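Right, one structure below, let's go through it.
Each reported figure results from applying straightforward, stated rules to the coordinates on display, with no laboratory input. Keep in mind that this is a model prediction, so the values were computed, not measured. All Cβ positions, glycine included, derive from the backbone under ideal geometry; neighbour counts span all protein chains shown.
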């Protein structure tokens, strides 16, 4: 039950940051520029890494590694977008979850082993990819009036499967515990 609470907590934590980001983009009427996207991705993952680090008792390391993952995931979008268009976002989303799985595994025990990290990352990327796609209409076809409560719910839905996959103990696993 603790794993479920941690996973849902992480999804809500991420949704808070992403909804705040949506508000900042809209309020400041920011044009989509790479430097803004890189900052957005990095700050989101510093925020998420802080949560994972808090759970593992390694906040500073969680923030540092999370920020690195966020920067790389955001940068991947700008590298892939000229080839794949906006669909590159979904590829970057998958990369994000593979990076976060490595961070969570590192924070939980120090060594990153391929099989557990790949299984968790695959589940996180697939589940959150489907969820992200299901709610992506709010970003792909935005309404004239922004409904931030719906944005918060959509972000929670998008992050929940990934966070649950990363923070669950699985069969015989330790999970992310100090």
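Quick notes on this one:
- Build a GNM of the chain with springs between Cα atoms under 10 Å apart, and of 159, 132, 84 the one that fluctuates most is 84.
- Calculated FRET efficiency, residue 29 to residue 118, Cβ-Cβ distance, R0 = 45 Å: about 0.65 to the nearest 0.05.
- The fewest-to-most ranking of 87, 92 by surrounding Cβ atoms within 10 Å reads 87, 92.
- Here r is the Cβ-Cβ distance between residue 130 and residue 60 and R0 is 35 Å; the resulting FRET efficiency, rounded to 0.05, is 0.60.
- Projected onto its three principal axes, the C-alpha set of the chain covers 48, 32, 28 Å, listed from the longest axis down.
- Between residue 146 and residue 84, the modelled labels are 2.5 nm apart [label points 7 Å from Cα along Cα→Cβ].
- The chain: most fluctuating residue of 102, 114, 160 per GNM, C-alpha cutoff 10 Å: 114
- The ranking of 8, 130 from fewest to most other beta carbons within 10 Å of each one's beta carbon is 130, 8.
- The spacing between segment 1-27 and segment 81-111, judged by their C-alpha centroids, is 17 Å.
- GNM result for the chain, Cα springs below 10 Å: residue of 13, 97, 150 fluctuating most strongly: 150
- Mean sequence separation of contacting Cα pairs (under 8 Å, at least six apart), scaled by the length of the chain, corresponds to a relative contact order of 31 percent.
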